[in-house]
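Novice: After the structure tokens below, expect a handful of questions from me.
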Amino acid sequence: MAISKNIEKYQASSFSRSIWQIANTFIPYIGLWIIIVYSLSVSYWLSAFLIILTAGFLVRLFIIFHDCGHGSYFKSQKINRIVGMFFGILAFTPYDKWHNQHLKHHGTVGNLDKRGVGDVWTMTKEEYLACDKWGRFKYRFYRNPLVMFGIGSLYVFLIQNRLTQKGLTRKEKLNIYFTNAALLFLCVVLSLFIGFSTFVVIQLSILYIAAVSGLWLFYLQHQYEDVTWYRSKDWNYRIVALEGSSFVKFPKILQWFSGNIGFHHIHHLNARIPNYYLSKCYRENTILKEVKPVTFMMSLKSLRLRLWDEQIQKMVSFSGRQ
């Protein structure tokens, strides 16, 4: 496809822009963290506002972590790894394990025959109907928004990311141990300065809000009304990038905090484009604007679309209605 060639020019990272983005994200994140500690003695409402704001910066830090794993943030892969691992600690996410799974996600997104790695559990209508009562209950429980976002967010970042599992490489396991040790060190040091309970309340509040927001973003990227799935024989990376990955239209402020991740169709078309060039790439390529944007109201509607119906090629609700 010509579009793939046309957007290659945007994949050259800018060292100065990367450093500036790190500065305007990491420095406010640390600064706000410190201010929150002092704000607790002034006003809990002020603290709550600052925690929400800080969570926004943590989401932005995660986007930088994400880009480093794709090798798109700096030309030097060594620097990508150092920055990515450091921000991974702040985001409670092991660098190697997460990115290896994420790269598999990029290579299998929208492929019905290769589901299960780095994606949201999605069953076809036929698979669901073939399940026994226990199987249906498990899937319904998982796809319940309160469970997926309310409980799942903390489970992923506090528990799942701390554990090794069968099939991981030695490098991935060692990186998990390193991340866990670094988090334990941070917990001990900060607890000595501000108290364990204060640390836990602040850190968990920030992490929870950021995690729920992040999982919501990830959900919207491939779980929406007009998404497309294919069997392996018909699967095409470029087609799925445009038909199986969303363009979420955010207000400018949310676009900034989310690191332009709303342009997800472009990201899947070329994962080497750093986040700060995605918007420019969209503006300068008319064909990318043909992808129907997902609005806030559409995102709410997508929550009830939980099964893929292969016959009508649409996401449907449990009752079978679109």
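Novice: Residue 271 is checked against (1) in a helix (DSSP H, G or I); (2) aliphatic (A, V, I, L, M); (3) at pLDDT 95 or above and fails just one. What number does that condition carry?
Specialist: Failing condition for residue 271: (1).
Novice: Next question. Select from the stretch 293-322 the residues that are part of a loop (DSSP other than H, G, I, E, B) and touching a Ser or Thr at 6+ places or on another chain (Cβ under 9 Å) and write down the one among them that is farthest from residue 126 (Cα to Cα). If you could, list the steps in order and put the result at the bottom.
Specialist: In the first step, residues of the stretch 293-322 are kept if they are part of a loop (DSSP other than H, G, I, E, B); the result is 295, 303-306, 310-313, 317-322.
Filter once more, keeping what is touching a Ser or Thr at 6+ places or on another chain (Cβ under 9 Å): 304-306, 310, 313.
Values: 304: 17, 305: 15, 306: 12, 310: 8, 313: 12 Å.
Within the stretch 293-322, the match that is farthest from residue 126 (Cα to Cα) is 304.
Novice: Against the definition (touching a residue at least 12 places away in the same chain (Cβ under 8 Å) and surrounded by 14 or more Cβ atoms within 10 Å (Cβ to Cβ)), how does residue 163 come out, yes or no?
Specialist: no
Novice: Specify the residue that is surrounded by the fewest Cβ atoms within 10 Å (Cβ to Cβ); the eligible residues are those in the stretch 70-87 that are in contact (Cβ under 8 Å) with a residue 60 or more places away in the chain and closer than 16 Å to residue 271 by Cα.
Specialist: By that ranking, first place goes to 75.
Novice: Something else: Any residue in the stretch 98-119 that is closer than 12 Å to residue 268 by Cα sitting within a Cβ distance under 7 Å of a residue that is at pLDDT below 95 and polar (S, T, N, Q)? List the pairs, counting only those 6 or more apart or interchain.
Specialist: What qualifies is 109/245; 110/228.
Novice: So, one more: Would you point out which residue out of 92, 74, 62 is at positive phi, of a type in the set (A, V, I, L, M, F, W, C), at pLDDT 95 or above and in contact with a Phe, Trp or Tyr (Cβ under 8 Å, 6 or more places away or on another chain)?
Specialist: Step by step, each of 92, 74, 62 is checked, and only 92 is at positive phi, of a type in the set (A, V, I, L, M, F, W, C), at pLDDT 95 or above and in contact with a Phe, Trp or Tyr (Cβ under 8 Å, 6 or more places away or on another chain).
Novice: I'd like the full set of residues that are surrounded by 15 or more Cβ atoms within 10 Å (Cβ to Cβ) and either touching an Asp or Glu at 6+ places or on another chain (Cβ under 8 Å) or in contact (Cβ under 8 Å) with a residue 60 or more places away in the chain (or both), limited to the stretch 181-198.
Specialist: 182, 183, 194, 198
Novice: Please enumerate the residues belonging to the stretch 101-121 that are on the phi < 0 side of the Ramachandran plot, of a type outside the set (D, E, K, R) and assigned to a loop (DSSP other than H, G, I, E, B).
Specialist: 109, 117, 120, 121
So that you can scan it fast, the table gives a plain yes or no per residue for (1) of a type outside the set (Lys, Arg); (2) touching a strand residue (DSSP E or B) at 6+ places or on another chain (Cβ under 8 Å); (3) farther than 30 Å from residue 22 by Cβ:
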site: 243; (1), (2), (3): yes, no, yes
site: 253; (1), (2), (3): yes, no, no
site: 274; (1), (2), (3): yes, no, no
site: 286; (1), (2), (3): yes, no, yes
site: 305; (1), (2), (3): yes, yes, yes
site: 308; (1), (2), (3): yes, yes, yes
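Novice: Collect the residues in the stretch 9-36 that are closer than 17 Å to residue 70 by Cα, surrounded by fewer than 17 Cβ atoms within 10 Å (Cβ to Cβ) and among the hydroxyl-bearing types (Ser, Thr, Tyr), keeping them in residue-number order.
Specialist: 14
This table checks each residue for (1) over 22 Å from residue 281 (Cβ atoms); (2) in contact (Cβ under 8 Å) with a residue 40 or more places away in the chain; (3) outside any helix (DSSP H, G or I).
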{"site": "31", "(1), (2), (3)": "yes, no, no"}
{"site": "38", "(1), (2), (3)": "yes, no, no"}
{"site": "52", "(1), (2), (3)": "yes, yes, no"}
{"site": "67", "(1), (2), (3)": "no, yes, no"}
{"site": "89", "(1), (2), (3)": "yes, yes, no"}
{"site": "96", "(1), (2), (3)": "yes, yes, no"}
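The values are calculated or read from the model by the stated rules, or taken from the named source; none is laboratory data. Please read all numbers here as calculations on a predicted model, not as lab measurements. Backbone-built Cβ (ideal geometry, glycine too); neighbour counts: all protein chains shown.
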